[in-house]
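Each remark here refers to the structure printed beneath this line.
The values are calculated or read from the model by the stated rules, or taken from the named source; none is laboratory data. Just so it is clear, the structure is predicted and the values come from calculations on it, not from any experiment. Methodologically, a virtual Cβ is constructed for each residue, glycine included, from the backbone with ideal geometry; neighbour enumeration extends over all protein chains shown. The area values use the complete protein model at the heavy-atom level, side chains included, leaving out ligands, DNA and RNA. Shrake-Rupley method; radii C 1.70, N 1.55, O 1.52, S 1.80 Å.
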Amino acid sequence: MNSIYISSKISRLLNSTPIFCFRHKCYNVATIFCPNCQEAKYCGRECQLTDWLVHKRDCETSRIDCKDIPLANDDFINQFISYFDQTFANYALIANHHLSKTFDKETIVFKIHSEVVDQRFKFSLLEIVKYPVLYLSNSDLKNNPRMIRAFQVVQQWKVSKSQGHEACLFTIFELVNPLDEELRVFSLGQSFSIPLIYKLLEKHQAEINEMLNVNTTNKLYSFKVESTIESIYTGGKVDLVNDFLLTTAGDAVNILDLNDSTRREIKDDSLVTCFATTKDRIIIAFQNQLLKTFDFELQELKSYKVHEAPVLVMDTKSSLVATGSADSTVKCWDIEKGHCTHNFKGHAGIVSALKFHPSKLILASGSDDCKVRVWDLKKKSCLAVLDSHVSVIRGLSFSGDYLFSGSRDKVINKWDMDNFEIALTAPTFESIEALEIVQFNDALAVCTAGESGVIKIWDYETGELLKEQLKDKNNSHEIASLIYNPNRDDFQLISVTSDQNIHLFDLKDSKIKRVRQIAGYNEEILDMVLTGDDNHLAVITNTEQIRLYDVETKNCNIVYGHSDIVLSIATSFDGKLLATGSKDNSAKLWGIDLDSETQLENTASFVGHTGPVTAIAMSKLSNRFLITASEDRTVKFWPLDNLTDPKVADGSLLGVFKGHKRGIWNVKFSPVDQVIATCSTDKTLKIWNIRDYSCIRTFEGHLNTVLNFSFVSTGLQLLSTGSDGLMKLWNVKDGECVGTFDNHEDRIWAVAVNKSESMVFTGSSDSTISIWRDTTVEEQEEKNKDEDARITKEQDLNLFLKRKDFKNALILALQLDQPFKILTILNNVLSERIDKESILGSTSVDQFFTSLSKENLERVLTYLRDWNTHSKHARVAQLVLGLIIKNTDSQKILDIPNSEQILESLLAYSERHLSHATQVVKENYLLDYTLERMDALI
């Protein structure tokens, strides 16, 4: 569409005033000229718009032509504004042209582009916002933030009527997929009425909301933490009982339900050194040499001291638990009775491994003295010392009449338990950290893991390597332990890595298939973005890994690719691509396929920087380019049209924004306005005009560095995070902080908001990801309910006063927390004195004050304290106070919080009132004496 159409009714309304030419910023009769047929019989003053549209359909091209004459005067502009203010029944349909003209008082600004909608009418003195008009373009509605803003304004039009409100006026000129036939008429450019537009809006509100997928509330004001993703493992023992995974985290043992990812914990004042489990007990050893027994309801059952040094390894069998300590001793304990049954001495070093025989009363222990000792639990003696390894023993496992031992000397030994001789020695070519006997390919096999970070399975009889796990690219971790459970169908083997991650493997079908990953420790969370349909959260921590969390289930997929710490991350506008920048001086592009096993696939690498890539961004309208910034002080522009050989495009500096006093941490463009926002170490956020590079507004309120932020409410608000561990919500228009939210213990580096703005994710240096839910609507509804209840109570209160039902009136006034209303009621009761014998003038009122609950008594005493400070209200205060003291138990008063301060204040002013009353009585004596003598004289 390359023509300008002007409704004929405007020209008829303005009588002889020439039509304004929006192309050349002049006013004259605009002649619509068709170069295809060379006919110029249609003009904006005389012809109907529909006539021209009928003709246009027969011609391939059309354009407008006019004569250049002086600019429109103020009279024309005033008439034009007056027309919109009076009727607003028709409109000017404008496309593919741009006009910007500003006036002192009434301001009209048109900004029209063919694809990106940037049309806005601003009126400072006229409330044009009463009449916003729906606009539907042929661009992708889901990815057009200006369209979202338009719909929000349309939905808010009844609320926003204040002067100076920035309203959006949009015209309907084309619709690719019309919502119904009535809207199709508007795509032809015919005139329409405002009531019909709102009728259509109501009819198609659900489709519009679904199409835009936006939060249609006015603004955000409140968030609550719905859940958190926390570190569950910081090193140490890991075990599996049924569907529960138990992990060590500092001074706590976490119990993670593998089905729904819910977590419980057993916490103590001392660090956990080790733990063991039975089917119904959890036995935990602490650094203070205490051994405590808990059930799975987390109730502590027993506690006793076990060794002279911390317990490092444990194993259980039936009601026995074996403990190996740094004091070189091995002890066995009765779990139920809580006493020591065996105390074995003989090792010359720290005990590093323990294993009960599954069917015999035999216990094997390994130590850093490189020896394995076999203990007879019946005879309470050492059966044999197995001396073959030359390094610390790390793994022991019984299988029938054999004992397998693994050591850091890179060999597996198979010991015959009949003669305690070596039956087999198999080299592993790596230091062994864990060893288990597993079922693999329908036969027994030996499973080991260690410094290479991969699982290896060896033949039970020959010691040959049967299977080796595929190593992840740039994987640098080791495997610290293995847990084998043959009774599960989904996985049978668990590996625990040195970087505190837990991997679950399926060993069926002769494969080592990783089926699930659990991030045990998140390190310091640096940044994160939402991907896909906002159902997955890509997180980068102080590691070389990318962690992809399922928002609903909290399951985590750990992706390897970079060789050093990942510093920056960004996602494409459609959520199908992910870009990362790393300390290895490179950037990578990842394709997202959430249905695949890996979920992320490295599709391209960008090499060219000579320093760490500290910032990265992708195009917001298409997947055409990628921008990276590095510590080498360069910014590189990478076109994505040729991923096999990515090249850098040249760029030039357009402008510099100056105003921050210290370093800048983040920069983002507004989704709707031509401004950018920045956050800085100087504790402020600033908004800048990208045309003249001036600072428009500064936001102050954080107590420390502002590290990150995000535009929300379609650019109307900012959500910021800082080193003070706080998240703040700001209004862009006035710079007001409308909310402060606290759930982190350290600086918040990362913030991400989903498209509907119903969820906010924050990541902190405390290794915690907080998931916040927008509760603005719920709190507003609750506030409305409270307001309705308050109004109802006030109506009932007035009704009771009218009926002179003072007791019920006092009850409602107390519930509404209206001390002045209570004071007024008491004055009325005292003045009317319905019951002459009553202290306050009404027996029911007296009963009300003598039967107050503890909470209401505290509130009434607070009122009395305030009333008692003023001599005008002291009489009422003293009467009520006397009534309460005489008829209320003194202990009930003393049990009130702050009762001492309240009573001291009452006592001080009561003494003052008593002194004043005494003085008045003394003065009355003289008056009475004088009057008496005067009577005598008369």
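Output the pairs from LYS267/LYS360; LYS620/LYS755; LYS302/LYS379; LYS473/LYS513 with a Cα-Cα distance over 23 Å in this structure; if there are none, say none.
Beyond 23 Å between Cα atoms: LYS267/LYS360; LYS302/LYS379.
With a probe of 1.4 Å, find how much accessible area the range 788-828 has per residue, and write the answer as a whole number in Å².
Value returned for the range 788-828: 58 Å² of accessible area per residue.
Please work out how much length the chain gains when fully extended from ASN808 to GLN901, using 0.36 nm per residue of separation minus the C-alpha to C-alpha distance, in nm with one decimal.
Computed gain between ASN808 and GLN901 is 30.5 nm.
Using the Cα centre as the reference, give the magnitude of the dipole from point charges on the C-beta atoms of the range 412-498 (Lys, Arg: +1; Asp, Glu: -1; all else neutral), rounded to the nearest 20 debye.
Around 300 debye, computed over the range 412-498.
Accessible area per residue for the range 848-938 in Å², computed with a 1.4 Å probe and the full protein assembly in place, what is it?
Here the residues of the range 848-938 average 69 Å² of exposed surface.
Return the subset of LYS355/LYS508; LYS219/LYS733; LYS686/LYS733; LYS305/LYS337; LYS410/LYS456; LYS237/LYS292 for which the Cα-Cα distance in this structure is over 18 Å, preserving the input order.
As for pairs spanning more than 18 Å Cα to Cα, those are LYS355/LYS508.
Measuring from label point to label point, each 7 Å out along Cα→Cβ, what is the ILE664 to ILE422 span in nm?
For ILE664 paired with ILE422, the spin-label model returns 6.7 nm.
Considering only protein heavy atoms, what per residue accessible area in square angstrom results for the range 502-610 with a 1.4 angstrom probe?
About 36 Å² of surface per residue is accessible.
Could you sort out which of LYS345/LYS371; LYS854/LYS892; LYS821/LYS892; LYS785/LYS821 sit more than 19 Å apart by Cα distance in this structure?
In this structure, LYS821/LYS892; LYS785/LYS821 exceed 19 Å between Cα atoms.
Rounded to a whole number, what % of the accessible area of the range 489-644 do carbon and sulfur atoms account for, probe 1.4 Å?
On the range 489-644, the fraction of accessible area on carbon and sulfur atoms equals 46 percent.
Which percent of the accessible heavy-atom area of the range 729-796 goes to carbon and sulfur, probe 1.4 angstrom?
Carbon with sulfur: 43 percent of the solvent-accessible area.
Along Cα→Cβ, 7 Å out, is where each label goes; now give me the distance between the ones at THR278 and THR850 in nm to one decimal.
6.4
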